[in-house]
Amino acid sequence: MNTTTRPIFSHKRIALVAHDSCKQNLLNWVKKHKDALAPHQLYATGTTGHLLERETGLKIASLLSGPMGGDQQLGGLIAEKKIDMMIFFWDPMNAAPHDPDVKALMRIATVWNIPVAINQSTADFLLTSSLFDQEINIDIPDYDGYLKARLD
């Protein structure tokens, strides 16, 4: 598939997700980086979003809980170019009943080429990158061109 570019503006739209066993780790990470995250638009799957908002005072747009469709909602926002990066503290040691949804979320994040951190070290790298507060252009699939070619 051909690609095109889209901007990721300096004001980021950031998804925050955590498996149950990692929610406290994500909460601690968000508290540590609260000042850096505050100027950005934050999204989270349901339980995580409510926990983060209650414990940090940050404004979080909460979707449904992951197992209830929140992972899929988040994937839809990524495909609509409404999410610029994702921090997903996931537990590789415990299978979750909604693992297929998680796999689909990771796939769509890869398709749309957004930065994704799956652990605290990578999240720290993303947040402290010189690109975090800058506008950058990323390559994304040329969906309009793809659709046009399929319909012609």
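The values are calculated or read from the model by the stated rules, or taken from the named source; none is laboratory data. Predicted model, so just to flag it, every value in this text is computed and none were measured. As a convention, Cβ positions derive from the backbone with ideal geometry for all residues, glycine included, and neighbour counts pool all protein chains shown. Remember, those area values only see protein heavy atoms, side chains included, never the ligands or the DNA or RNA. Shrake-Rupley method; radii C 1.70, N 1.55, O 1.52, S 1.80 Å.
If we only count helices (runs of 4 or more DSSP H) wholly inside the range 11-108, which ones have 3 or more residues that are surrounded by 15 or more Cβ atoms within 10 Å (Cβ to Cβ) and at negative phi?
Here the list reads 23-32, 46-56, 70-79.
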Review point. Under 7 Å by Cβ, and 6 or more places apart or on different chains, what pairs join a residue from the range 25-48 that is over 15 Å from Leu126 (Cα atoms) with one that is among the basic types (Lys, Arg) and surrounded by 13 or more Cβ atoms within 10 Å (Cβ to Cβ)?
Key: Gln41/Arg13; Tyr43/Arg13; Thr48/Lys23
Review point. From the list Ala95, Ala109, Ala117, which residue is among the hydrophobic types (A, V, I, L, M, F, W, C) and at pLDDT below 95?
Key: Ala95
Point to revise | Yes/no for Leu147 being at pLDDT below 95 and exposed (fewer than 14 other Cβ atoms within 10 Å of the Cβ) | key: yes
Check your understanding: Of the residues in the range 109-123, how many are among the hydroxyl-bearing types (Ser, Thr, Tyr) and open to solvent by less than 70 Å² (accessible area, probe 1.4 Å)?
Key -> 1
Study note, to complete from the structure: Asp139 meets each of (1) assigned to a loop (DSSP other than H, G, I, E, B); (2) more than 23 Å from Lys34 (Cα to Cα) with one exception, condition (1)
